[in-house]
Amino acid sequence: MLTQVAEGVLVHQSEFVQSNAIVVRGRAGVLLIDPGVTGAEIDCLADDLRELGQPVVAGFSTHPDWDHLLWHARLGDAPRYGTARCAAAVRELLSEADAKDRIAAHLVETEVAGQVPLDLLGLITGLPAGTTRIPWDGPQVQIIEHQAHAPGHAALLIAERGVLVAGDMLSDVLIPMLDLDGTADPIEEYLTALRLLEEVAGEVDVLVPGHGSVGAAGQVRVRIDQDRAYVHALRDGREPGDPRIGPSARPGWEWVSHVHTGQRRRLDQRNDHADTPR
């Protein structure tokens, strides 16, 4: 079910990792950002759009993780965009013949096994490097590109609606998940991205993360501060005391603690390797 969070902006939340699909109403149709996860959810989304009388005229993937690259024939054949770096990462992923099989195998142990439509996964067009607006006939959507979570990751600012679509950042349920393979300095890249989001925080009334709860204006700086504190703790080798991990984690979200442990281990390995004489 679509829920309006601001004028002309609606959200459909999946049960799977509280994934948020975002609909922005334009003149002739809607911009659809990061569509839902399962086939049934995307069917529901398509039904809701049909009831609104709003076809999809453009799509956008905030980054090249599988759950942000999905599509379904019922959504139509509108152009689907991503940043140039995002599209390049997707092309590399899909150049491997077994890419979709590996994603399906990854999902076998989840509650959405066999329910995720992968046929149209990742068919996005990369916008020219440096593009700062999504090309479509609707409210201006500013692209805030950074390399914090994934190559070509983009947050989107819909200033005239006061909405920030954060992609896989600023979640109240997920800790910052760093791109430990794609950048030379993942800690600094993440801190840089948080500074970019902080620069537009004063224009935001509604925050929509890729996963988790939609937040009001005051939540933007709260979540930026929380994510920055977590990243600083990683950098300094401290336990972060973050409520999203450990005993205080929400029931069913204990796996986030395992993600945190894995990130700490890999950062320690990177640091050990950097300190090894050559």
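The values are calculated or read from the model by the stated rules, or taken from the named source; none is laboratory data. What you see is a predicted model, and the numbers here were worked out from it, not measured in a lab. Please note: Cβ atoms are built from the backbone with ideal geometry, for glycine as well, and neighbour counts cover all protein chains shown. For accessibility, only protein heavy atoms count, side chains too; no ligands or nucleic acids. Shrake-Rupley method; radii C 1.70, N 1.55, O 1.52, S 1.80 Å.
Structure notes:
- Computed Rg/Rh of the chain, alpha carbon atoms with Kirkwood Rh: 0.95
- Remark on T183: its backbone amide H falls under 5 Å from none of the residues 5 or more positions apart or on other chains, H modelled at 1.01 Å from N.
- On the principal axes of its alpha-carbon atoms, the stretch 1-104 has extents of 39, 27, 22 Å, going from largest to smallest.
- In the chain, helical runs assigned H by DSSP with n ≥ 4 each contribute -39500 (n - 2.57); averaged across all residues and rounded to the nearest 500, the mean residue ellipticity at 222 nm is -10500 deg cm²/dmol.
- Percent accessible area from carbon and sulfur atoms, the chain, protein chains only, probe 1.4 Å: 50
- Taking packing as the residue-averaged number of other Cβ atoms within 10 angstrom, the listed peptides 16-22, 51-57 run from highest to lowest as 16-22, 51-57.
- Histogrammed with a bin width of 10 Å, the alpha carbon distances of the stretch 98-245 distribute as 10, 34, 34, 21, 1 percent, first bin at zero.
- Within the stretch 1-131: Cβ-based charge dipole about Cα centre, in debye rounded to nearest 20 (Lys, Arg +1; Asp, Glu -1): 580
- Amide H contacts under 5 Å for S213, placed H, 5+ residues apart: D172, V173
- Loop-resident GluC sites (Glu not before Pro) (DSSP state other than H, G, I, E or B) in the stretch 103-164 with no more than 11 further Cβ atoms inside 10 Å of their Cβ: E109, E111.
- Site pair R74 and A217 shows an inter-label distance of 3.8 nm when each label is modelled 7 Å from Cα along Cα→Cβ.
- Positive-end residue of L157, V204, Q140, charge dipole of the stretch 127-219 with Cβ unit charges: Q140
- Gap separating the Cα centres of the stretch 164-222 and the stretch 123-156, nearest whole Å: 15
- Cα-based radius of gyration for the stretch 39-148, normalised by 2.2 N^0.38 Å, reads 1.13.
- Heavy-atom accessible area per residue - the chain, 1.4 Å, Å²: 45
- Angle between the chain longest axis and helix 217-236 axis [Cα atoms, degrees, rounded to 10]: 30
- Distribution of pairwise C-alpha distances over the stretch 1-43, 10 Å bins, in %: 31, 53, 15, 1
- Of the trypsin sites (Lys or Arg not before Pro) found in the stretch 1-94, the ones in coil according to DSSP and having at most 11 other Cβ atoms within 10 Å of their Cβ are R27.
- If only the Cβ of Lys and Arg carry +1 and only the Cβ of Asp and Glu carry -1, the dipole of the chain around its Cα centre is close to 360 debye.
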